[in-house]
Each structure stands twice: as structure tokens, then as C-alpha cells.
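First comes the structure, then the notes that go with it.
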Amino acid sequence: MVRVLLKTTSILIWLRFSIFNSISDMLLLLCGTLLTNRMVENQFLGYIYLIKKRFQRLNQILSDLTQSPQVAQVIKVRQKNDTLSCLRKNRFIHYDLCEITKDINRCFSWALLAGISLSFLIFTCVGFTSARIIYNRLFGGHDNENIYVHIIWTALKLSDFMTLAILCSHITAEIKNTTKILFNVKEMIGPLIFSETKIFLNQIIQWDLKITAANFLDVDMTLIYNLVTCAATYIVIMIQMGQLNQNQH
């Protein structure tokens, strides 16, 4: 909800300061699409946040098995069936969480791809406008546009990428953490539960769970680096082409 309010406020600020700007005219046509996509994306992020919490809770339960030497000694004297039952239940829960995550990703994958593409387009446009204004002011050009609005929009679009990438990367991080915890469990009480731990680890490897945008992009921290690098390349090319056209005239 906060992100929707911020997006609406930024659109109103943009329209207030640059209603007659050619780039803002194009962005005006995208405002309705942006707000609609924001609602869908927030719904997706809400689901991902809940799943992340479930993975964290699962890892906490598994971590309790190796919390301290005293706990490990208690586990060693437990009945074998109790320990196996505990791990087996958690393995089933982990499988269900992975399956739910895949289903959610499948439902929202095309919306994610459209949202990321649209955000990248706007990020590149406002980034180019900001860079052009700064370049003109540094090298004696005349530019009366409000640079602060463009910088705010650039920062907002970058924050969109970061929010999506960070939250989705947490899912992968929690799964990797599950693998580490299982190795610790196997080392401490391995003789009792070796076969069940092996099945659990193989299940994690088989899933290889990742959040993707219709299998075109992996939604993780590398997304930020790739999009910013690509946008910076386009911005530099457009500035150079603009300077070339000015020199020709």
C-alpha cells in the first residue's frame, strides 16, 4: 500500500512540474498501466513475503536440532522414529512450499516480465533526461527543466527493482540456509537420520527453486546489476548521438 501511495504521489509531482514535456507526455499514457501493474506486483510481493516467512520458520525448526550440545545430546537419546518423523514432516512442508512458490511464480510470471520491462523503459527515459539536464548545465547548455523530479523518478524506479530483487533473493537464500542446516544436523546426529537427510538434500537439489519473469529473467540481485548496466549503456549512447546531431547542425 505504501508503494502505491508513493507511486501515485510521484506521478502527481511529475504532472505538476512537467506537463508539457515531451517525455512526460509519453509517461502520462503509461501512468494508468503503472498503477495497475503496481497492484499486481504488490500482490505478488505479499505472497513472496509470506512464503519467505514460512521458509524462515522451517529453518528455525531445523536449527533447533543443532542449537546447542545439550540439545544434541537429548536428540541422540530420543527414539529414532521420533527424529525421522520430525525430519520427514519438515521435508513434506518444504516440498509444499517449493510447489506453492512455483505455482505463484507461474501465475505472475508474465505480469512480472511486463512490469520489469515497463519499469526499465521508464527508468531509462528518466535517467536519460536527468543525465541530459546535468550534461547541459555542466557544459553551458540551456535547460529549464526541473531536474529534481527526474531524479526522484529515477530513484523510485531503482527502488522498485531493488524491492523485487531483494525479496525474491531471500527465498533462494533461505533454501541455501536449509541445506547448511541439514548438513549440520547430519554431522551431529547422522547415524540416526542419514537416509532421511539424504532424501531431503536431494529434494532441494532437484527443485533448484528460482523466481523468474516468464523464464526470461532470474528475479534476484543480479537483476539490479543487469538492468542498471543496460540502462547506463543506452543513456550513454543516446547522449552521444544527441551531441553528434548538434555538431552536425
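Just so it is clear, none of the values below were taken in a lab; they were calculated from the coordinates. As the structure is a prediction and not an experimental result, all values here were calculated from the model. Every residue, glycine among them, receives a Cβ derived from its backbone with ideal geometry; neighbour counts consider all protein chains shown.
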- Within segment 85-145, list the chymotrypsin sites (Phe, Trp or Tyr not before Pro) lying in a DSSP loop whose Cβ has at most 13 other Cβ atoms in a 10 Å radius. PHE139
- Message: Students often get this wrong, so check it: of LYS52/LYS198; LYS157/LYS210; LYS53/LYS102, which have C-alpha atoms separated by over 19 Å?
- Response: LYS52/LYS198; LYS157/LYS210
- Query: To the nearest 0.05, how large is the calculated FRET efficiency for ILE199 and ARG54 if R₀ is 22 Å and r is the Cβ-Cβ distance?
  - Reply: 0.60
- Task: First measure r as the distance between the Cβ atoms of MET241 and LYS89, then evaluate 1/(1 + (r/R0)^6) with R0 = 51 Å and state the FRET efficiency to the nearest 0.05.
- Result: 0.25
- Footprinting exposure proxy for HIS170, HIS94, HIS150 (fewest neighbouring C-beta atoms within 10 Å first): HIS170, HIS94, HIS150
- Query: How far apart, in nm, are two points set 7 Å out from the Cα along the Cα-to-Cβ line at GLN206 and at THR222?
  - Reply: 2.5
- Message: Based on alpha-carbon centroids, what's the gap between segment 198-218 and segment 99-113 in Å, whole number please?
- Response: 13
